[in-house]
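Step one of this worksheet: look at the structure below.
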Amino acid sequence: MASINQPSPDALCAEILAQARRQRAEILDRANTEAQAIRDTARTEAEAIRRERRDQARAEAARRKDLILATVAVETGRLQASRVEAILESIHAEIRRRLLADHAADRETLVALAADAISRMPGNSFALDISAADHAACGQGLAEEITQRVGRAPLNLTLSADGAVTAGGVTVRDAAGYEFWDNRLLARLERFWPALRRQIARQASLVEEDSSTGGAP
């Protein structure tokens, strides 16, 4: 009978160990490769997240900056408008004060105001009221001068002193009591103030040419 060569136990053990080492090396190589791939992917994803967060932070910073700038612009405009309004109101108050301080109007002013009112009203008979101070200073011959200034004949004018008429000027009503025109200086100030305030603001460079300071002409 022929003999069969069998590896010795030591050789078999050595082969098993060598195979185990090869498998371990292969496993370690695969593990290192996979770990490197995971690290590379993690770095890529982390960088993408950092870029996204950085972009988001920049966008948020830009949004907040724009919001702050818009708020500053609105607040600046509000403060400027408030300041302009305060200046115009002080001018209005000063004009009123001066009108009230001057108790008598000059003769030419009374004639012009009365003629202006009468020229806008139909009819021929009118009652004119002026302040007591104006009546005492200018009443003599005033009705005749007003008639000449109007240039409409015939006119029947009755001139009276009225304590309710202050700060100069005249009120005019027709004989039937249907038409009434308040041409006192204070009344005219209030009528024309919206347009006047815009003119003052532009001339004083308080507002731009196309800016509005409120009110209607």
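The values are calculated or read from the model by the stated rules, or taken from the named source; none is laboratory data. Source: prediction; values computed, not measured. A quick note on method: Cβ atoms are made from the backbone with ideal geometry, for glycine too, and the neighbour counts reach across all protein chains shown.
See the values below:
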| quantity | calculated |
| --- | --- |
| Near pairs, Cβ below 6 angstrom, 6+ apart or cross-chain, from the stretch 25-49 (loosely packed, with under 10 Cβ neighbours inside 10 Å) to any residue that is modelled with pLDDT under 85 | none |
| Hey, Gln80 surrounded by 10 or more Cβ atoms within 10 Å (Cβ to Cβ), closer than 30 Å to Arg202 by Cβ and of a type in the set (S, T, N, Q) or not | yes |
| Filter result (surrounded by 16 or more Cβ atoms within 10 Å (Cβ to Cβ) and at pLDDT below 90) within the stretch 136-154 | Ala137, Cys138, Gly139 |
| Filter result for the condition that a residue is assigned by TED's automatic domain parsing to the domain that holds Arg173, more than 18 Å from Arg173 (Cβ to Cβ) and in contact with a strand residue (DSSP E or B) (Cβ under 9 Å, 6 or more places away or on another chain), over Ala161, Ala133 | Ala133 |
| Check on Leu69, within 30 Å of Arg173 (Cα to Cα) and either surrounded by 10 or more Cβ atoms within 10 Å (Cβ to Cβ) or modelled with pLDDT under 90 (or both) | no |
| Search result, residues across the stretch 123-135 that are at pLDDT 90 or above and more than 17 Å from Thr166 (Cβ to Cβ) | Asn124, Ser125, Phe126, Ala127 |
| Which listed residue is under 29 Å from Arg197 (Cβ atoms), free of Cβ contacts under 8 Å to residues at least 12 places away in the same chain and not in a loop (DSSP other than H, G, I, E, B), from Glu144, Glu94 | Glu94 |
| In the stretch 155-181, the residues that are touching a residue at least 40 places away in the same chain (Cβ under 8 Å) and exposed (fewer than 12 other Cβ atoms within 10 Å of the Cβ) | Ala176 |
| Subset of the stretch 1-18 [of a type in the set (Gly, Ala, Ser) and at pLDDT 65 or above] | Ser8, Ala11, Ala14, Ala18 |
